[in-house]
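So the structure is just underneath, and the comments pick up after that.
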Amino acid sequence: MKIADIEIVELQNIPVTPPLFKQPVRAAVRILKVKTDNGLVGLSQFGGFMHSATTAFIQQDLAPFLKGQDPLENERLMHQMLWKYNTRAHAGVWNFAASAVDVALWDIKGKFYNAPVWRLLGGAQKSIPAYITFGLRAYNRDELAEAAKYWVAKGETRLKIQVGRSNIRGAMDPAGASGEHREDNPAEDESRLGAVRDAVGDAVELMADANCLMKLDAAVRWCKRFEPYNLMWFEEPIVHNDPHLLAQLRKQTSIPIAASQWENFFKLADLVKQDAVDFLNIHVLSVGGFTMGMKAAGLAHAFNLPVGNGDHFDIHLHAAVPNGWRAEIHVNNWLTANTVYKDLPGPVNGWITLTEKPGLGLELNEDVVKEYRVK
């Protein structure tokens with residue numbers, strides 16, 4: 001069996017409607033198909049950012065290199081992609097491209113051996129705990145509390161909200177000019193978190209995510225204001241996921257720290273070595289697919305760290321290893337995935353049960369692909 005072709009399918013303007021939204025938001029997905037000469041097709045998606053550059057790199061460099069290769073030789077291909085195109089182990093475009101390819105190769109391997117990927121990788125646990133990333137910045141304070149109650153009523157008792165989204169003008173701003181140009185007053189985020197805690201009670205597990213937007217001194221202020229609300233973790237509070245600064249923050253707060261969702265394997269290793277995190281959040285679409293994701297999970301296990309975060313691909317990694325601890329159900333991404341794919345396993349009373357279908361168990365909804373595909 002050999003790799004015969006690689007196809008990229010871009011979907012745009014997919015309508016999804018989160019709870020309490022009056023109008024749908026529009027989502028985009030880039031799907032990767034690795035095709036073999038015996039008819040097996042591995043599916044994956046692009047993660048991270050710079051999708052146009054990732055597309056160009058795959059089409060111009062990786063596809064010609066991969067054609068004619070054995071798709072079952074994941075370790076060899078990952079090693080060769082690293083040393084041929086990324087000898088200094090930078091993150092960015094190479095990482096997102098190689099990760100997408102590797103995930104698709106594991107889908108092929110599962111189909112070839114007629115087994116789900118999570119069993120091929122280790123099969124540690126068939127069902128894993130899940131949490132809902134529901135606390136979108138588009139909600140005002142009252143809507144945020146109502147959305148929290150919506151999910152708890154559905155049996156979901158692990159919830160995450162986004163924080164640190166105001167710029168120095170007081171406007172909601174997910175990116176901002178830089179990590180330094182943020183609002184330094186945590187009062188509004190504390191009031192939003194407090195409204196959610198009041199709405200759902202003490203038994204519900206809450207997490208907060210700042211998406212790498214804070215300076216160290218601001219993160220310390222947020223932590224001090226958040227400590228009374230018994231957070232399970234504060235995710236990516238520090239700009240650039242700086243390991244040294246995260247390690248300093250851990251010494252100044254009782255809130256556990258999580259980080260590393262979009263980082264490559266070598267950045268994850270730095271976070272572990274520098275005692276920067278309590279939870280290592282591995283994402284197979286950025287760490288280097290399942291091949292490097294399993295190495296990162298093993299590294300975390302060696303330091304007694306749980307791993308969490310992710311999406312409908314990452315659940316296979318979490319189920320494969322004994323320290324797989326929390327699977328993320330990000331509302332917008334999950335609604336999009338349930339539009340693009342058929343019969344995805346989803347959270348039921350806070351747990352996801354893995355499929356026994358071969359490979360990743362993904363089947364494209366071809367009607368949706370046809371409707372939203374960019375020609």
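The values are calculated or read from the model by the stated rules, or taken from the named source; none is laboratory data. Fair warning: this is a prediction, and the values are worked out from it, not measured in the lab. As a convention, Cβ positions derive from the backbone with ideal geometry for all residues, glycine included, and neighbour counts pool all protein chains shown.
For beta carbons closer than 6 Å, sequence separation of 6+ or different chains, a first residue in the range 1-21 that is among the polar types (S, T, N, Q) and a second that is in a strand (DSSP E or B), the qualifying pairs are Gln12/Ala28; Asn13/Arg26. Given the criteria in contact with a strand residue (DSSP E or B) (Cβ under 8 Å, 6 or more places away or on another chain) and at positive phi, does Gly92 qualify? So Gly92 does not fit the description; no.
Counting only residues that are of a type in the set (Phe, Trp, Tyr) and touching a His at 6+ places or on another chain (Cβ under 7 Å), the range 15-68 holds 0 of them.
For every residue, the table says whether it meets (1) buried (at least 21 other Cβ atoms within 10 Å of the Cβ); (2) in contact with a Gly (Cβ under 9 Å, 6 or more places away or on another chain).
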position: Gly39; (1), (2): no, no
position: Phe46; (1), (2): yes, no
position: Gln80; (1), (2): no, no
position: Ile108; (1), (2): yes, yes
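Only residues that are surrounded by 24 or more Cβ atoms within 10 Å (Cβ to Cβ) and either part of a helix (DSSP H, G or I) or basic (Lys, Arg) (or both) were counted in the range 299-318, giving 6. State yes or no: is Thr336 in contact with a Cys (Cβ under 8 Å, 6 or more places away or on another chain) and at pLDDT 95 or above? So Thr336 fails the test.
The lone criterion from (1) farther than 22 Å from His283 by Cα; (2) in contact with a strand residue (DSSP E or B) (Cβ under 6 Å, 6 or more places away or on another chain); (3) at pLDDT 95 or above left unmet by Leu245 is number (1). The residues in the range 319-374 that are more than 24 Å from Glu7 (Cα to Cα) and either in a loop (DSSP other than H, G, I, E, B) or β-branched (Val, Ile, Thr) (or both) can be counted, and the count is 16. Within the range 209-236, the residues that satisfy the criterion of being in a loop (DSSP other than H, G, I, E, B) and at pLDDT 95 or above are Asn230, Glu236.
Under the condition of being among the charged types (D, E, K, R) and closer than 19 Å to Val117 by Cα, which residue from the range 48-78 is surrounded by the fewest Cβ atoms within 10 Å (Cβ to Cβ)? Per the criteria, the residue is Glu75. Among the residues examined, Gln261 does not qualify as in the same structural domain as Leu285 (by TED's automatic domain parsing) and over 20 Å from the mean Cα position of the chain (by Cα).
Among the residues of the range 117-170, how many are of a type in the set (D, E, K, R), in a helix (DSSP H, G or I) and either closer than 24 Å to Thr353 by Cα or under 21 Å from the mean Cα position of the chain (by Cα) (or both)? Residues flagged as of a type in the set (D, E, K, R), in a helix (DSSP H, G or I) and either closer than 24 Å to Thr353 by Cα or under 21 Å from the mean Cα position of the chain (by Cα) (or both) within the range 117-170 amount to 2. Within the range 58-86, residues that are closer than 15 Å to Ala97 by Cα and touching a residue at least 24 places away in the same chain (Cβ under 8 Å) have Cβ atoms under 8 Å from residues that are polar (S, T, N, Q) and surrounded by fewer than 18 Cβ atoms within 10 Å (Cβ to Cβ) in these pairs: Leu77/Gln69, counting only partners at least 6 apart in sequence or on another chain. A Cβ distance below 8 Å, combined with a sequence gap of six or more or placement on separate chains, defines the contacts here; from the range 113-135, residues that are more than 25 Å from Ala203 (Cα to Cα) and in contact (Cβ under 8 Å) with a residue 60 or more places away in the chain reach residues that are small (Gly, Ala, Ser) and assigned to a strand (DSSP E or B) in the pairs Pro116/Gly359; Val117/Gly359; Ala124/Gly324.
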